[in-house]
There are 2 protein chains.
Amino acid sequence: MITKLEYERAKAEAARMIRAAGVVITEEEAGKVEVADFGLGNLHAEGAQILTFFCTERVAAKVIALFPRQTEPEHWHPRVGDDPGKEETIRVISGTLYFYVPGAGEVRAGSVPAGKESCYTVRNERVMGPGDQITLEPGTRHWFQAGPEGAVLYTFSTCARDVLDGFTDPNVERQTRLDDGV
Amino acid sequence: MITKLEYERAKAEAARMIRAAGVVITEEEAGKVEVADFGLGNLHAEGAQILTFFCTERVAAKVIALFPRQTEPEHWHPRVGDDPGKEETIRVISGTLYFYVPGAGEVRAGSVPAGKESCYTVRNERVMGPGDQITLEPGTRHWFQAGPEGAVLYTFSTCARDVLDGFTDPNVERQTRLDDGV
């Protein structure tokens with residue numbers, strides 16, 4: 001849970017970062033950036049700011065702004081009925097992104113959020129810069145973290161059903177709640 | 001058919017335009033921009049320069065650079081087996097784009113390429129600027145043209161099988177051929 005003020009500040013800062021990264025967005029889009037604290041109440045440590053360009057039954061394109069060292073919690077995109085699950089390509093626009101997938105390795109450049117060792121289980125690290133991209137098959141556990149200057153990235157995918165994503169951390173709630181009821 | 005020199009010049013100019021529009025691409029990507037004259041041999045009138053970020057069996061993301069007044073010929077994305085056909089969202093990054101879909105209307109801001117009236121049958125015009133986007137259902141005939149300053153745009157879609165696209169102009173060949181054999 002975060003305050004409305006925190007939500008609005010994060011939204012404005014994310015829109016500023018997205019534009020500073022060279023991504024042209026409309027005023028209307030700047031006003032609809034989603035701030036996700038994943039129900040953990042510690043936005044700048046674990047959270048993400050997400051602008052959806054569009055999302056149809058077949059394709060979605062979004063821009064994600066991450067504050068310095070902000071981490072999107074470990075998650076995966078499960079099968080939904082006939083859909084094998086979301087396939088996703090992440091492409092970095094600005095900043096440095098530490099990206100984690102299954103496989104041998106350890107967290108070197110990035111860092112697991114304090115006290116959350118059990119919620120970040122995949123440790124195969126990739127350090128990504130502008131223009132780097134990675135495609136994830138459905139069901140692949142992954143998490144990512146911005147470097148010290150923050151990061152802006154694209155996510156291009158099949159149909160996105162974020163509320164059905166699986167998260168390693170049992171405390172995650174995908175829908176952000178505001179503590180002053182708006 | 002175009003010459004190798006024309007191809008290389010168009011590729012370099014397209015990479016320059018893409019970067020000038022604020023899109024970060026790698027050197028490798030700059031080197032693999034595809035120049036498409038659609039077999040018409042008149043690249044600057046009818047053609048497109050296309051950079052594929054990625055293309056999987058489910059999703060594709062590309063950047064298209066159009067020179068001033070350059071026109072991508074009228075086409076549509078047909079059903080392919082079980083696939084209902086490519087669904088595509090075009091999003092303008094820089095410049096002005098005149099976009100044509102079925103429906104009442106006429107070509108006002110843009111212009112049909114000289115002598116090609118019969119090859120451009122849909123005339124419902126939309127004038128698009130940076131941040132504007134349009135989603136096309138599979139099978140929808142469409143064509144588009146850059147304004148006087150050229151244009152750079154994204155195309156986000158389901159699986160792209162460009163060589164299977166249908167074109168109104170029977171002279172179109174989707175694969176570009178070089179007249180000096182490279």
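Any read-out appearing in this document is the output of simple, stated calculations on the displayed coordinates, not a laboratory observation. Predicted model, so just to flag it, every value in this text is computed and none were measured. In this analysis, Cβ positions are derived from the backbone assuming ideal geometry, glycine residues included, and neighbour counts consider all displayed protein chains.
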### Query
Within region A:1-31, how many residues turn out to be crowded, with 16+ Cβ neighbours inside 10 Å, part of a loop (DSSP other than H, G, I, E, B) and free of Cβ contacts under 8 Å to residues at least 40 places away in the same chain?
2
### Task
Kindly provide the set of residues from region B:98-138 that are under 26 Å from B:Gly85 (Cβ atoms) and either charged (D, E, K, R) or touching a residue at least 60 places away in the same chain (Cβ under 8 Å) (or both), ordered by number.
B:Pro113, B:Lys116, B:Arg123, B:Glu125, B:Arg126, B:Asp132, B:Glu137, B:Pro138
### Query
What residue, among those in region B:77-93 that are in contact (Cβ under 8 Å) with a residue 24 or more places away in the chain and in a loop (DSSP other than H, G, I, E, B), is nearest to the chain's Cα centre (by Cα)?
B:His77
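Looking only at residues in region B:88-126 that are of a type outside the set (Ser, Thr, Tyr) and within 14 Å of chain A (Cβ to nearest Cβ), which one is nearest to B:Glu72 (Cα to Cα)? Lay out the reasoning, then the answer.
Step one: filter region B:88-126 for residues of a type outside the set (Ser, Thr, Tyr), giving B:88, B:90-93, B:95, B:97, B:99, B:101-110, B:112-117, B:119, B:122-126.
With within 14 Å of chain A (Cβ to nearest Cβ) added as a condition, the list becomes B:88, B:90-93, B:95, B:97.
Values: B:Glu88: 15, B:Ile90: 13, B:Arg91: 15, B:Val92: 14, B:Ile93: 17, B:Gly95: 15, B:Leu97: 11 Å.
The extreme case among them is B:Leu97.
Identify all residues within region B:60-82 that are in contact with a Cys (Cβ under 7 Å, 6 or more places away or on another chain) and within 14 Å of chain A (Cβ to nearest Cβ); write none if there are none. Walk me through how you get there before you give the answer.
Just the residues of region B:60-82 that are in contact with a Cys (Cβ under 7 Å, 6 or more places away or on another chain), to begin with: B:60, B:73-74.
Correct list: B:Ala60 only.
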### Query
With A:Asp162, A:Asp179, A:Asp132 as the choices, which residue is under 15 Å from the mean Cα position of the chain (by Cα) and either on the phi > 0 side of the Ramachandran plot or of a type outside the set (A, V, I, L, M) (or both)?
A:Asp162
### Task
Could you tell me whether region B:39-48 includes any residue that is within 30 Å of A:Ala151 (Cα to Cα) and surrounded by 22 or more Cβ atoms within 10 Å (Cβ to Cβ)?
no
### Message
Just the residues that are in contact with a His (Cβ under 8 Å, 6 or more places away or on another chain) and in a loop (DSSP other than H, G, I, E, B), please, taken from region B:107-139.
### Response
B:Val122, B:Pro138, B:Gly139
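If I ask for residues that are within 14 Å of chain B (Cβ to nearest Cβ) and either surrounded by fewer than 23 Cβ atoms within 10 Å (Cβ to Cβ) or touching a helix residue (DSSP H, G or I) at 6+ places or on another chain (Cβ under 6 Å) (or both), which ones from region A:49-59 would you list? Give the steps one after another, and end with the answer.
Pass one, region A:49-59, residues within 14 Å of chain B (Cβ to nearest Cβ): A:51-59.
Of everything in region A:49-59, those that are within 14 Å of chain B (Cβ to nearest Cβ) and either surrounded by fewer than 23 Cβ atoms within 10 Å (Cβ to Cβ) or touching a helix residue (DSSP H, G or I) at 6+ places or on another chain (Cβ under 6 Å) (or both) turn out to be A:Leu51, A:Thr52, A:Phe53, A:Phe54, A:Cys55, A:Thr56, A:Glu57, A:Arg58.
Does B:Thr140 count as among the β-branched types (Val, Ile, Thr) and either in contact with a Lys or Arg (Cβ under 9 Å, 6 or more places away or on another chain) or surrounded by fewer than 19 Cβ atoms within 10 Å (Cβ to Cβ) (or both)?
yes
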### Message
I need the full set of residues from region B:29-43 which are within 14 Å of another protein chain (Cβ to nearest Cβ) and touching a Gly at 6+ places or on another chain (Cβ under 9 Å), in order please.
### Response
B:Glu29
### Query
If you check every pair at least six apart or on different chains, which have Cβ atoms under 7 Å apart with a residue in region B:158-177 that is free of Cβ contacts under 8 Å to residues at least 60 places away in the same chain first and a residue that is surrounded by 13 or more Cβ atoms within 10 Å (Cβ to Cβ) second?
B:Asp162/B:Arg174; B:Val163/B:Arg174
### Task
Please specify each residue of region B:32-65 satisfying the condition of being of a type in the set (Phe, Trp, Tyr) and without any contact (Cβ under 8 Å) to a residue 60 or more places away in the chain.
B:Phe53, B:Phe54
### Task
Give the residue, chosen from A:Gln145, A:Gln133, that is within 14 Å of chain B (Cβ to nearest Cβ) and either closer than 26 Å to A:Leu5 by Cα or in contact with a Lys or Arg (Cβ under 9 Å, 6 or more places away or on another chain) (or both).
A:Gln133
